């Protein structure tokens, strides 16, 4: 389910949650101004270890959002990344 929601950006990331008034800020807990799909997948320092695994398996292609979200080669590694971050296992905190 998270994979499909990443495609649409309708997912439990603060940028989307802020748009639907579920949180008070679009910012990430790392301090970035927006917790977007791109930020979650390739930028956020909170998930460096999981991102390193993506880079190990997919090389620099792992830094391309379109590749991560459309490539059959990337899919199993993306699913491992999502699971490793445990981001979507957390309940939404209303701030």
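Every read-out reported here was derived from the displayed coordinates using simple, explicitly stated rules and does not represent laboratory data. Since this is a predicted model, take the numbers as computed values, not measurements. Methodologically, a virtual Cβ is constructed for each residue, glycine included, from the backbone with ideal geometry; neighbour enumeration extends over all protein chains shown.
So the values come out like this:
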read-out	value
Residue 82 out of contact with any strand residue (DSSP E or B) (no Cβ under 9 Å at 6 or more places or on another chain), outside any helix (DSSP H, G or I) and surrounded by 15 or more Cβ atoms within 10 Å (Cβ to Cβ)	no
Filter result for residue 29 (exposed (fewer than 14 other Cβ atoms within 10 Å of the Cβ), within 14 Å of the chain's Cα centre (by Cα) and not in a helix (DSSP H, G or I))	yes
Residue 47 being under 21 Å from residue 8 (Cβ atoms), free of Cβ contacts under 8 Å to residues at least 24 places away in the same chain and not in a loop (DSSP other than H, G, I, E, B)	no
